[in-house]
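See structure below.
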Amino acid sequence: MTKIVGGEAGEVCVMNSLSANLHFMMVAFYRPTSERHKILIEKGSFPSDWYAAESQIKFHHFDPKDSLIMIEPRVGEHLLRTDDIVNVIRQHKFALVLLPGVQYASGQVLDVATISQVAHESGAFVGFDLAHAVGNIPLSLHKWGVDFAVWCSYKYLNSGPGGIGGCFVHQRHANDKTMPRFAGWWGHDLASRFGMKDEFNPIPGAFGFRLSNPCSFPILSLLASLEIIDEAGIYQMRAKSEILTSYLEFLIESHLPTYVSIITPKDVHFRGCQLSLKFPGRDTKALEKGLYRKGIVCDARGEIMRVAPTPLYNTFHDVWKFVQVLVSTLSDVR
């Protein structure tokens, strides 16, 4: 897991679920004061991130109307501009910048390195939700200087529904025992844990945030997937992904230029394996159901359909077949 997210020894552990880990990280990294209490998130973020940010603000007795700042694409656009993110960070005294590595609806890859640098220059901590990034694109969390990151394992890490989540805490925080945290037995230093003393001595790094012994079955299912990903190689997977998704893009633009628009960035450096499609004048949910009846699984969210040829197990023939089925299904759905 450490290799997949680009961490160093002690920076990465698996524990809990994504939302639980986000709350635990915000205990440590959201420390609002009267002068610096704002959180930056994206408007249209996955709702669980919004819930976490809003509830943390309320927990600290601040008003989300004042403390929760949301950035969104410009009018008429679907993607966030890095310059706009940078400008917003510089305009406010944020306590925390909390953004996705890959935007779940559009499939856009954000410039994590630049955002992290600017957030730190402004005096804010910075954290990322990597639910749609981990196992999808190569990551360099340590190099980029991210303070913390959280993710689930049941998307591109293939661990199955309810699979165990993951957490990254940068090395520069590893030995800060004064950092606020919710402490638990499993985060206590192993060498002295069974001394049974009434004093918490955290394991340095991310492991010091663990609370209790995880269930073995989610660990084993994740381990099996990680071993396969390690054998395939995340960079080799990424190389195939760029070609696979570009092939999907080519087929859609060739066969359905008037029926489908792609809102995901065309630049492969700013997208993962996902393409987000819009079908003007069509019922996207009905289209999703029509594809499902023909053996194709996609995901409709509002007017957007997410299509993600995954390099670990999808083939170029899968992509070709999908477009043929999409063409025939569009004729059935209005």
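Quick one: which residue in Leu220, Leu248 is closer than 30 Å to Cys13 by Cα and either exposed (fewer than 13 other Cβ atoms within 10 Å of the Cβ) or not hydroxyl-bearing (Ser, Thr, Tyr) (or both)? Show your work before the answer.
Values: Leu248 fails: closer than 30 Å to Cys13 by Cα.
After applying the criteria, what remains is Leu220.
Counting just the residues of segment 295-321 that are of a type in the set (Lys, Arg) and under 22 Å from Pro280 (Cβ atoms), which one comes out least open to solvent (accessible area, probe 1.4 Å)?
Quick first cut of segment 295-321, residues of a type in the set (Lys, Arg) only: 301, 306, 321.
If we keep only those that are under 22 Å from Pro280 (Cβ atoms) as well, we get 301, 306.
Values: Arg301: 103, Arg306: 37 Å².
Taking the candidates together, the pick is Arg306.
Determine whether segment 292-314 contains at least one residue that is part of a helix (DSSP H, G or I) and within 29 Å of Gly44 (Cβ to Cβ). Steps first, please.
Kept after step one, since they are part of a helix (DSSP H, G or I), are these residues of segment 292-314: 292-293.
After this cut, where a residue has to be within 29 Å of Gly44 (Cβ to Cβ) as well, the list is 292.
For segment 292-314, residues part of a helix (DSSP H, G or I) and within 29 Å of Gly44 (Cβ to Cβ): present.
Would you mention how many residues in segment 1-25 are of a type in the set (A, V, I, L, M, F, W, C), part of a loop (DSSP other than H, G, I, E, B) and surrounded by 17 or more Cβ atoms within 10 Å (Cβ to Cβ)?
Going residue by residue through segment 1-25, those that are of a type in the set (A, V, I, L, M, F, W, C) are 1, 4-5, 9, 12-15, 18, 20, 22, 24-25.
Filter once more, so that each one left must be part of a loop (DSSP other than H, G, I, E, B): 1, 9, 15.
Next cut, surrounded by 17 or more Cβ atoms within 10 Å (Cβ to Cβ) only: 1, 15.
Residues meeting the conditions: 2.
Leu98: in a strand (DSSP E or B), touching a Gly at 6+ places or on another chain (Cβ under 6 Å) and in contact (Cβ under 8 Å) with a residue 24 or more places away in the chain, yes or no? So that I can check it myself, show each step before the final result.
Details: in a strand (DSSP E or B): yes; touching a Gly at 6+ places or on another chain (Cβ under 6 Å): yes; in contact (Cβ under 8 Å) with a residue 24 or more places away in the chain: yes.
Judged against the criteria, Leu98 is a match.
Being closer than 21 Å to Glu11 by Cα, among the small types (Gly, Ala, Ser), open to solvent by 10 Å² or more (accessible area, probe 1.4 Å) and out of contact with any Pro (no Cβ under 9 Å at 6 or more places or on another chain) is true for just one of Ser116, Ser122, Ser140. Which residue is that?
Values: Ser116 fails: open to solvent by 10 Å² or more (accessible area, probe 1.4 Å); Ser122 fails: closer than 21 Å to Glu11 by Cα.
Checking each option against the conditions leaves just Ser140.
Which condition breaks for Ile229 when tested against (1) in contact with a Pro (Cβ under 7 Å, 6 or more places away or on another chain); (2) among the β-branched types (Val, Ile, Thr); (3) more than 23 Å from Leu79 (Cα to Cα)?
(1)
Filter segment 261-272 down to the residues that are out of contact with any Leu (no Cβ under 7 Å at 6 or more places or on another chain), buried (at least 17 other Cβ atoms within 10 Å of the Cβ) and assigned to a loop (DSSP other than H, G, I, E, B) and list them by number.
Within segment 261-272, Ile263, Gly272 meet the criteria.
Condition first: among the β-branched types (Val, Ile, Thr), open to solvent by 30 Å² or more (accessible area, probe 1.4 Å) and in a helix (DSSP H, G or I). Now tell me which residues in segment 61-87 satisfy that. Outline the logic, then answer.
Narrowing segment 61-87 to residues among the β-branched types (Val, Ile, Thr): 69, 71, 75, 82, 85-86.
Imposing the further condition that a residue be open to solvent by 30 Å² or more (accessible area, probe 1.4 Å) reduces the set to 69, 75, 82.
Thr82, the sole residue that qualifies.
Against the condition open to solvent by 10 Å² or more (accessible area, probe 1.4 Å) and more than 24 Å from Pro138 (Cα to Cα), how does Phe94 come out, does it pass? Full working, then the answer.
Working: open to solvent by 10 Å² or more (accessible area, probe 1.4 Å): no; more than 24 Å from Pro138 (Cα to Cα): yes.
Here the answer is no, as Phe94 does not meet what is asked.
Would you point out which residue out of Phe250, Phe217 is free of Cβ contacts under 8 Å to residues at least 60 places away in the same chain and within 29 Å of Leu277 (Cα to Cα)? Quick ask: steps written out before the conclusion?
Working: Phe217 fails: within 29 Å of Leu277 (Cα to Cα).
When all the criteria are applied, what remains is Phe250.
Kindly indicate whether Glu288 is assigned to a helix (DSSP H, G or I), closer than 14 Å to Val323 by Cα and open to solvent by less than 40 Å² (accessible area, probe 1.4 Å).
Working: assigned to a helix (DSSP H, G or I): yes; closer than 14 Å to Val323 by Cα: yes; open to solvent by less than 40 Å² (accessible area, probe 1.4 Å): yes.
Yes.
Filter segment 151-162 down to the residues that are crowded, with 17+ Cβ neighbours inside 10 Å and in contact with a helix residue (DSSP H, G or I) (Cβ under 7 Å, 6 or more places away or on another chain), then identify the one that is farthest from Tyr104 (Cα to Cα). Step through it out loud before you land on a result.
So the first thing to find is which residues in segment 151-162 are crowded, with 17+ Cβ neighbours inside 10 Å, and the list is 151-159.
Now drop any that are not in contact with a helix residue (DSSP H, G or I) (Cβ under 7 Å, 6 or more places away or on another chain), which leaves 151-153, 157-159.
Details: Trp151: 13, Cys152: 13, Ser153: 15, Leu157: 15, Asn158: 17, Ser159: 19 Å.
Among them, the one singled out is Ser159.
Mind checking whether some residue in segment 47-64 is farther than 27 Å from Ile164 by Cα and among the aromatic types (Phe, Trp, Tyr)?
Here is the first cut: in segment 47-64, the residues farther than 27 Å from Ile164 by Cα are 58, 60-64.
Narrowing further to those that are among the aromatic types (Phe, Trp, Tyr): 62.
Yes, that holds for at least one residue.
Go through segment 163-217 and give me each residue that's open to solvent by 60 Å² or more (accessible area, probe 1.4 Å), assigned to a loop (DSSP other than H, G, I, E, B), touching a strand residue (DSSP E or B) at 6+ places or on another chain (Cβ under 8 Å) and under 28 Å from Gly135 (Cα atoms).
Of everything in segment 163-217, nothing turns out to be open to solvent by 60 Å² or more (accessible area, probe 1.4 Å), assigned to a loop (DSSP other than H, G, I, E, B), touching a strand residue (DSSP E or B) at 6+ places or on another chain (Cβ under 8 Å) and under 28 Å from Gly135 (Cα atoms).
What do you reckon, is Arg238 within 30 Å of Val319 (Cα to Cα), open to solvent by 20 Å² or more (accessible area, probe 1.4 Å), out of contact with any Lys or Arg (no Cβ under 8 Å at 6 or more places or on another chain) and among the basic types (Lys, Arg)?
Details: within 30 Å of Val319 (Cα to Cα): yes; open to solvent by 20 Å² or more (accessible area, probe 1.4 Å): yes; out of contact with any Lys or Arg (no Cβ under 8 Å at 6 or more places or on another chain): yes; among the basic types (Lys, Arg): yes.
So Arg238 fits the description; yes.
Any residue in segment 109-122 that is under 18 Å from Val5 (Cβ atoms) sitting within a Cβ distance under 7 Å of a residue that is in a helix (DSSP H, G or I) and open to solvent by 50 Å² or more (accessible area, probe 1.4 Å)? List the pairs, counting only those 6 or more apart or interchain.
Val109/Phe270; Val112/Trp144; Ala113/Trp144; Ser116/Trp144
The values are calculated or read from the model by the stated rules, or taken from the named source; none is laboratory data. What you see is a predicted model, and the numbers here were worked out from it, not measured in a lab. Cβ coordinates were reconstructed from backbone atoms using ideal geometry, including for glycine residues, and neighbour counts include every protein chain displayed. Please note that ligands, DNA and RNA were not included when accessible areas were found on the heavy atoms of the full protein model with its side chains. Shrake-Rupley method; radii C 1.70, N 1.55, O 1.52, S 1.80 Å.
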